[in-house]
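Reading through the structure tokens given below for one structure.
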Amino acid sequence: MLGWFKKKFTKEEETPSFSPEEQARESAAEKETTVAHSLPEEERVPDQAPVATEMQPEPGESTGPLSEQEDEEIARESTPSSSSPASSMFQRLSKRLSKTKESLVFRMDTLFLGKKEIDAELFDELEEILITADLGISTTMEILDDARKQVKRNDLSDPLLLKGVLKEKLRSFITESDKPAELVMPESGPFVIMVVGVNGVGKTTTIGKITNKFKKSGQSVLLVAADTFRAAAVAQLKIWGERNEAEVVAQHEGADPSAVVFDGIDQAIAENYDVVIVDTAGRLHTQVNLMEELKKINRVMGKRLEGAPHEVLLVLDATTGQNGVSQAKLFNETVPITGLALTKLDGTAKGGIVATVCRELKIPIRFIGIGEQIDDLRDFDADEFINALFGEE
Ligand SMILES: Nc1nc2c(ncn2[C@@H]2O[C@H](COP(=O)(O)OP(=O)(O)OP(=O)(O)O)[C@@H](O)[C@H]2O)c(=O)[nH]1
Ligand SMILES: [Mg+2]
């Protein structure tokens with residue numbers, strides 16, 4: 001579990017509420033088209049991620065948020081007078097993971113219930129289910145090898161017992177990578193988080209949600225708009241700043257992001273901020289200039305404040321499945337990634353990617369995004385995730 005949001009003060013702060021105008025302004029800012037700017041063409045990040053073709057969701061799969069009706073259902077189910085806040089949060093998570101539950105757990109249930117014995121055919125079908133839920137070939141093979149061994153060792157014959165075996169294997173992948181999640185907070189000066197990732201994965205939205213968590217724990221947050229490619233990007237961050245009553249440091253469009261970051265950290269030190277969160281422009285690992293720019297931003301932060309950034313948070317869009325794993329590996333070669341945020345888990349049946357990411361990357365998942373609203377970000381907890389997926393509280 002994260003220690004980031006330990007209450008600084010005992011006073012509970014309210015989640016800010018937003019007016020419809022604020023919501024409308026944010027979507028207008030997101031939609032605003034890129035205006036001409038001074039950066040050379042090759043350094044510009046396209047508005048639409050060119051990887052989009054690799055990242056297309058499965059046919060029939062929605063990547064959008066849940067419908068209003070589904071949200072109402074969650075609200076109804078999660079607010080019985082007897083249930084605790086923790087329990088209703090759990091139910092909300094469970095509901096938001098419903099697409100992955102269907103593709104992974106319910107399909108497993110159907111398979112196991114329909115079989116009388118554990119045989120090769122059952123393993124074949126299981127393989128298909130695991131791959132479809134985006135566990136990836138090598139993770140799937142390891143799970144199945146382990147399951148076969150356990151069946152042999154414990155002489156299991158009832159297919160239903162396999163479910164428990166698979167669940168625990170998935171849990172072990174996730175908890176193992178959760179171990180290094182301990183984060184060393186700076187003894188003095190602001191805690192600096194740099195947020196990176198490809199275009200449109202949810203960086204700015206995640207920053208808005210994290211800011212809310214810090215503010216609720218009584219910590220002061222300074223947001224730094226180092227995505228200087230589009231005026232709309234700065235405008236979007238400013239809206240999240242207003243919502244959270246957090247100041248945003250920004251310069252003109254096309255400004256050098258490293259300079260913006262340097263000034264931001266300067267201000268944070270001078271004004272005693274607790275946390276600085278830096279929003280960077282979406283970029284692809286293949287865009288050499290932009291990846292170099294990321295290195296420079298990283299370097300400049302360290303020069304202004306020793307040890308900064310204390311966290312380099314890579315945001316991955318869960319709907320892109322396996323592609324996220326390669327994105328992480330390539331970003332990690334540029335700047336050492338210390339934590340991950342996996343967004344849009346509410347819109348995908350590919351939630352199995354969580355286990356693959358943990359197994360292959362060994363970088364702790366800090367957060368999961370389960371919707372577009374300010375409180376749709378959960379501190380990642382391996383047990384909670386597995387239990388929500390398998391339907392046990
Ligand atoms: N359903 C859902 N949508 C999300 C989630 N997180 C972000 N989004 C949506 O994803 C879209 C892109 O989010 P942004 O925060 O603008 O992404 P970004 O990475 O900052 O994009 P660029 O700055 O253009 O690279 C927005 O419509 C968000 O509302 C999530 O957890 N679930
Ligand atoms: Mg952004």
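Need the C-alpha centroid separation for region 341-393 versus region 204-224, integer Å.
20 Å
I'd like to know how region 137-178 sits against the 2.2 N^0.38 Å rule of thumb: what's its Cα Rg over that expected value?
Its radius of gyration relative to the 2.2 N^0.38 Å reference: 1.17.
Per-residue counts of other Cβ atoms within 10 Å, averaged by peptide: what ranking do you get for 320-332, 112-124, 274-286, highest first? Intermediate values should be presented prior to the final figure.
Working: 320-332: 20.0, 112-124: 12.5, 274-286: 22.9.
Going from most to least packed, we get 274-286, 320-332, 112-124.
Rounded to the nearest Å, what's the spacing between the alpha carbon centres of region 226-272 and region 84-116? Just the number, please.
40 Å
Can you give the net charge of the other residues whose Cβ lies under 11 Å from the Cβ of residue 359, counting K and R as +1 and D and E as -1? Present the calculation step by step, with values, prior to reporting the outcome.
Numbers: positive: 169, 362; negative: 142, 176, 360.
Net charge in that neighbourhood comes out at -1.
Given an 8 Å cut-off on Cα distances and at least 6 residues of separation, report the relative contact order of region 79-215 as a percent. Provide the component values of the computation, followed by the final result.
Numbers: 58 pairs, mean separation 25.4, N = 137.
Once normalised by length, the contact order is 19 percent.
So what are the radius of gyration and Dmax for the Cα set of region 316-375, in Å?
Every Cα atom of region 316-375 included, Rg and Dmax give 11.1, 32 Å.
Over region 294-391, what is the relative contact order in percent, taking alpha-carbon pairs closer than 8 angstrom and at least six residues apart?
Details: 133 pairs, mean separation 22.5, N = 98.
Across region 294-391, relative contact order equals 23 percent.
Since every read-out is calculated from the coordinates, none of them should be taken as a lab result. All figures in this text were calculated on a predicted structure; none of them were measured in a lab. All Cβ positions, even for glycine, are placed from backbone atoms using ideal geometry, and neighbour counts span all protein chains on display.
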